[in-house]
Amino acid sequence: MAVLVGKRAPSFKAFAVIGSQVEEEFSLDRYLGKRYVLFFFYPADFSGLCPTELLAFQELLPEFERRGVAVIGCSTDSHQVHQAWLRTPQAEGGIAGVTYPLVADTSKTIAANYDVLAGHYDYSEGGEMVFVGTPQPYRGLFLIDRDGIVRHQLVNDRPLGRRISDTLRMVDALQHFEEHGETCPANWEADK
């Protein structure tokens with residue numbers, strides 16, 4: 001697994017759904033010099049665990065925005081599937097009400113560039129290259145600073161959900177370090 005911390009976040013242009021709108025060339029570059037970015041991957045739309053995380057990010061979205069952080073989700077589903085999931089009521093397994101962008105990585109290159117794509121390529125007995133496994137992203141999360149540098153990275157296996165409040169703590173720690181030059185030890189919490 002690649003460690004991207006301290007490196008420039010991989011750039012891309014892809015379809016994204018933002019509310020009810022589709023953007024054809026969405027890029028994280030729009031936030032350079034302006035906002036922090038919390039870019040997270042999830043395995044699949046219309047799955048059992050994923051809506052709990054996406055809705056938890058939405059619930060804490062005002063806290064991220066207060067800290068100047070743009071939240072962006074990404075899976076290997078198409079933008080049409082994202083749209084359908086966004087229109088599906090939460091009581092029916094949907095994520096209606098989610099307002100942050102969902103990137104459609106149908107080519108799977110974004111997940112591969114962030115090194116969160118499950119599975120691998122191998123050769124068949126006939127010598128052809130084949131993909132082994134399910135080409136869906138792990139639960140990768142990347143905190144990117146305003147200069148486009150990855151400052152925090154966390155990758156969970158697909159069955160292991162994240163605690164979204166821990167991500168807020170990492171944003172607070174990064175911003176505390178940037179403002180005061182002080183490191184943040186284990187279990188550090190921002191002053192309330």
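The values are calculated or read from the model by the stated rules, or taken from the named source; none is laboratory data. All of these numbers come straight from a predicted model, not from anything done at the bench. Quick reminder, even Gly has a Cβ in these numbers, built from the backbone with ideal geometry, and neighbours come from all protein chains shown.
Select from region 1-32 the residues that are within 15 Å of the chain's Cα centre (by Cα) and polar (S, T, N, Q) and write down the one among them that is farthest from Glu65 (Cα to Cα).
Here the residue is Ser11.
Take the residues in region 42-56 that are within 13 Å of the chain's Cα centre (by Cα), in contact (Cβ under 8 Å) with a residue 40 or more places away in the chain and closer than 18 Å to Asp105 by Cα, then tell me which one is surrounded by the most Cβ atoms within 10 Å (Cβ to Cβ).
So the residue we want is Tyr42.
Quick one: count up the residues across region 31-72 that are touching a Leu at 6+ places or on another chain (Cβ under 9 Å) and closer than 30 Å to Asp191 by Cβ.
Selection size over region 31-72: 15.
Output the qualifying pairs, or none if there are none: Cβ atoms under 8 angstrom, residues six or more apart or on different chains, first residue in region 170-192 and at negative phi, second residue part of a helix (DSSP H, G or I) and surrounded by fewer than 10 Cβ atoms within 10 Å (Cβ to Cβ).
Sorted first by the residue in region 170-192, then by its partner, the list stays empty.
Checking the conditions here, which among Val17, Val37 is under 17 Å from Leu174 (Cα atoms) and at pLDDT 95 or above?
Of the residues listed, the single one that is under 17 Å from Leu174 (Cα atoms) and at pLDDT 95 or above is Val37.
I'd like the full set of residues that are assigned to a loop (DSSP other than H, G, I, E, B) and farther than 20 Å from Gly33 by Cα, limited to region 164-192.
Answer for region 164-192, where residues must be assigned to a loop (DSSP other than H, G, I, E, B) and farther than 20 Å from Gly33 by Cα: Glu182, Thr183, Cys184, Pro185, Ala186, Asn187, Trp188, Glu189, Ala190, Asp191, Lys192.
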